[in-house]
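Working notes, beginning with the structure itself.
Computed from the coordinates by the stated procedures, all read-outs in this text should not be read as laboratory data. Please read these numbers as outputs of a predicted model, since none were measured by experiment. A quick note on method: Cβ atoms are made from the backbone with ideal geometry, for glycine too, and the neighbour counts reach across all protein chains shown.
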């Protein structure tokens, strides 16, 4: 009997003897399943459904990171996984009023909170509470009334009550549309704009690659630090170049592509003053024009546009055309793009994402993401 058949028997056993309803449906009778059981059942379903998944009947939870709401009650968990003696990624879930929902997972590498705290050299073991109030939104501290945004290592300008409001609004949205991968579903219908195996020899750029990089334009010199939008745009162009769909300048290094993209996107207004934007980083309104500017400067043509509406069906449509998506995520107040990521594919309601913190591909539930806009790029 092969491993797949053994795993199928294991999955059947798990489902038959679970205390929850079959197929992980959420209803009034399904408020007692524990987060650990939910996570392991999702691991089992994903392992059986995705041929690329390394998870099997030998996959166990190796360690756990507990996340909290602003009332200091657990509202999520990051379960680090191990298959046999091999580390095999993680799965992160929401917990809202005792009901569980999938947030994200990856077959290797670390979670958002681990990548962020590692980058900023924050010791998680010395942190009593990690507050999770939205996608890519983690806070620590609060003892003195101030909360540190772990993604930027800076304090947020919101009171505890204001943060409660933000967190509850996000939790309410998750509660209305909880996500679980069904036992009967197949992930073979997935579509990746990055062909299977095509990135085996491609190193996805992340924001930390360019920290400290000096960039000069028209006599103005700036130093790059945590600039996610030019990083995401650089990653897309370099990947399309890797596939042979477009070209960068002859002999252009990744650092040079980033420099040119940073200038093209007018990051920190290095190329011209933008009276319509009073923030730092890259204005959302400059993404389409900036990428087109980069293409023109390099003598190539890219298909670049921003859809008027953000819908999962629309994103899938562009991914089906082998276009990559540069996605802007909202900040705490929903007033500007706090973070930019690259969407490379999907499976059902799950998006495959290069999140800029990790080189490993992470799968996110669409409904868990605070998407402000997206731009599709193809060649």
Exercise for review: With a point put 7 Å past each Cα toward its Cβ, work out how far residue 252 is from residue 146 in nm, to one decimal.
Suggested key: 4.1 nm
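Order these by the 10 Å Cβ neighbour count, fewest first: 340, 363, 154, 347.
154, 347, 363, 340
With a ≥ b ≥ c taken as the square roots of the eigenvalues of the C-alpha gyration tensor of region 45-149, please select rounded if a/c is under 1.5 and otherwise prolate if a/b is larger than b/c or oblate if it is not? Can you show the working numbers first?
Values: a/c = 2.49, a/b = 1.72, b/c = 1.44.
Prolate shape, in that a/c is at least 1.5 and a/b is the bigger ratio.
Using a ≥ b ≥ c from the Cα gyration tensor of region 190-378 (square roots of the eigenvalues), is it rounded, prolate or oblate, where a/c under 1.5 gives rounded and otherwise the larger of a/b and b/c decides, a/b for prolate?
Since a/c reaches 1.5 but b/c is at least a/b, the shape of region 190-378 is classed as oblate.
Give me the extension gain from residue 312 to residue 173: residue separation times 0.36 nm, minus the current Cα-Cα distance, reported in nm with one decimal.
Numbers: separation 139, 0.36 × 139 = 50.04 nm, distance 1.57 nm.
Between residue 312 and residue 173, full extension yields an extra 48.5 nm.
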Practice item. Treat the count of other C-beta atoms within 10 Å as a stand-in for reagent exposure and order 288, 60, 343 from fewest to most. Key: 60, 288, 343
Practice item. Arrange the following residues from fewest to most other Cβ atoms within 10 Å of their Cβ: 221, 300, 257. Key: 221, 300, 257
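Per the helix-only calculation at 222 nm, which mean residue ellipticity applies to the chain, given -39500 (n - 2.57) for every DSSP H run of n ≥ 4 and division by its residues, nearest 500 deg cm²/dmol?
On the way: 8 runs with 101 residues, N = 379.
So the calculated ellipticity at 222 nm is -8500 deg cm²/dmol.
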Point to revise | Rounded, prolate or oblate (a/c below 1.5 giving rounded, otherwise prolate when a/b exceeds b/c) for region 301-368 by Cα gyration tensor | key: rounded
Practice item. Only Cα pairs under 8 Å and at least 6 apart count here; give the relative contact order of the chain as a rounded whole percent. Key: 15 percent
Revision key, fill the gap. GNM on the chain, Cα springs under 10 Å; top mean-square fluctuation among 266, 355, 298 goes to 298
Practice item. Distance between Cα centroids, region 221-286 to region 52-101: provide it in whole Å. Key: 34 Å
